[in-house]
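Structure, as structure tokens:
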């Protein structure tokens, strides 16, 4: 499925990536391995943050990454207007997706570059519903992948 996700995204050369709800950091690290210029990982679980740091070191990508320990929504609120990401990868805990759609819709535009792409992964039975322009949606088993674009009226 990861191969399909990155085929949808296309070339990432030099782009700035945000991996929110990063978990092990697999998606952001994959973006770096495909040419992204920088990735920021946001994860609240301290053990997972250590896994991200180890994984970045193992692939030699630590110098092109920032790892933040904290809540993704709180981080987005604080970063509004201070950074612009070209690609945002969202893979929140599936049981939290339903309650996160509204807050993410509110706070994501503040960190998006004008032509940003947002890729979300959620359970198709309880999807992460973002109120942002949608450009694609695909189902892989029980997983729903949705692609959104930065809104024009940011």
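Name every residue in the range 119-154 that is under 13 Å from residue 91 (Cα atoms) and touching a residue at least 60 places away in the same chain (Cβ under 8 Å), in order of residue number.
119, 121, 143, 145, 147
Residue check: is residue 116 free of Cβ contacts under 8 Å to residues at least 40 places away in the same chain, in contact with a strand residue (DSSP E or B) (Cβ under 7 Å, 6 or more places away or on another chain) and part of a helix (DSSP H, G or I)?
Answer is no for this residue.
When you go through 73, 100, 108, 89 one by one, which is the residue that is within 18 Å of residue 45 (Cβ to Cβ), touching a helix residue (DSSP H, G or I) at 6+ places or on another chain (Cβ under 7 Å), touching a residue at least 24 places away in the same chain (Cβ under 8 Å) and part of a helix (DSSP H, G or I)?
73
Determine which single condition residue 31 fails, assuming it passes every other condition in (1) in a helix (DSSP H, G or I); (2) surrounded by fewer than 18 Cβ atoms within 10 Å (Cβ to Cβ).
(2)
Working carefully through the options 119, 56, find the one that is surrounded by 18 or more Cβ atoms within 10 Å (Cβ to Cβ), more than 15 Å from the chain's Cα centre (by Cα) and at pLDDT 95 or above.
Going through 119, 56 in turn, the sole match is 56.
Can you go through 132, 89, 108 and tell me which one is in contact with a strand residue (DSSP E or B) (Cβ under 6 Å, 6 or more places away or on another chain), buried (at least 18 other Cβ atoms within 10 Å of the Cβ) and within 18 Å of residue 22 (Cα to Cα)?
Every option except 89 fails the conditions.
The values are calculated or read from the model by the stated rules, or taken from the named source; none is laboratory data. Not measured: the values here are computed from a predicted model. Note that we place each Cβ from the backbone using ideal geometry, even for glycine, and neighbour counts take in every protein chain shown.
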